[in-house]
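Engineer: One structure, pasted below without further comment.
Read the figures in this text as sums done on the coordinates, not as results from a lab. Nothing here was measured: the structure is a model prediction, and the numbers come from that model. Backbone-built Cβ (ideal geometry, glycine too); neighbour counts: all protein chains shown.
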Amino acid sequence: MLQVGMHFDVVQLPSGIVENGICGIKDQAAIADHFRAVGITSAVIVSRTQTRYCLLVPPNTARDWAEAGTQCIGSEHPTNYLGVPAPAHREPPGAHWLLPAPEDSHMLCDPANVRLLISKAGRRQGQAR
């Protein structure tokens, strides 16, 4: 477990939000490509149940986070700890890194790119109606 808020905050995205933005097969490779297409190349964890993606973002992101259907946890959240898989754990079973574990703060996800990913999913969902 790592404490959230000091070195990073974490955005939790339900799998539906992420996968709504993908056309065709939604396997792990397609999902990773979907993240990369918006500039997210590291710092993404898949939950043990594969129902949530946890994106490590810079500290203090939680202060201004207001994206519907998502949650950003920072130092002020009552449960500000995150179970993090070992850096080399890249496959199920269990929680694993979809994209590489960050080695430094430059490898955290840019919140603007996370918002872009969310908006792409929303646009795609709107087109499906």
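Engineer: Need one number: nm distance between label points at HIS77 and CYS23, each 7 Å from Cα along Cα→Cβ, rounded to one decimal.
Structural biologist: Spacing of the two 7 Å Cα→Cβ label points: 3.3 nm.
Engineer: Across every pair of different alpha-carbon atoms, what Kirkwood hydrodynamic radius in Å does the chain reach?
Structural biologist: 14.6 Å
Engineer: Taking other Cβ within 10 Å of each residue's Cβ, how do HIS89, HIS96, HIS106 sort, fewest first? Write out the running numbers ahead of the final one.
Structural biologist: Working: HIS89 15, HIS96 19, HIS106 8.
The most exposed by this proxy come first: HIS106, HIS89, HIS96.
Engineer: Then there is this: Express the relative contact order of the chain as a whole percentage, based on alpha carbon pairs under 8 Å and six or more residues apart in sequence.
Structural biologist: It rounds to 39 percent for the chain.
Engineer: Label-point separation (nm) for LEU2 and ALA86, each offset 7 Å from Cα along Cα-to-Cβ?
Structural biologist: In this crude label model, LEU2 to ALA86 measures out at 1.6 nm.
Engineer: Taking only Cα atoms, what is the 0 to 90° angle, nearest 10, from helix 111-128's long axis to the longest principal axis of the chain?
Structural biologist: For 111-128 against the chain, the angle is about 30 degrees.
Engineer: Based solely on its DSSP helices, what 222 nm [θ] is calculated for the chain when runs of n ≥ 4 H residues each add -39,500 (n - 2.57) and the sum is averaged over all residues, nearest 500 deg cm²/dmol? Numbers along the way, then the final one.
Structural biologist: Working: 3 runs with 34 residues, N = 129.
Calculated from helices alone, the mean residue ellipticity at 222 nm is -8000 deg cm²/dmol.
Engineer: In addition: R0 = 22 Å: FRET efficiency of ALA112 with ARG36, Cβ-based, nearest 0.05?
Structural biologist: Details: r = 15 Å, r/R0 = 0.69.
According to the calculation, E is roughly 0.90.
Engineer: Next question, about the same structure. For helix 28-37, report the angle its Cα long axis makes with the longest principal axis of the Cα atoms of the chain; keep it between 0 and 90° and round to the nearest 10°.
Structural biologist: It is inclined by approximately 80 degrees.
Engineer: Filter the trypsin sites (Lys or Arg not before Pro) in the range 1-97 down to the DSSP loop ones having no more than 16 other Cβ atoms within 10 Å, then list what survives. Spell out each step's value before the answer.
Structural biologist: Working: sites: LYS26, ARG36, ARG48, ARG52, ARG63, ARG90; in loops: LYS26, ARG48, ARG90.
Sites meeting the loop and neighbour criteria: LYS26, ARG48, ARG90.
Engineer: Going by how many other Cβ atoms sit within 10 Å of their own, how do ILE22, ILE40 line up, fewest first?
Structural biologist: Details: ILE22 17, ILE40 23.
In order of increasing Cβ crowding within 10 Å: ILE22, ILE40.
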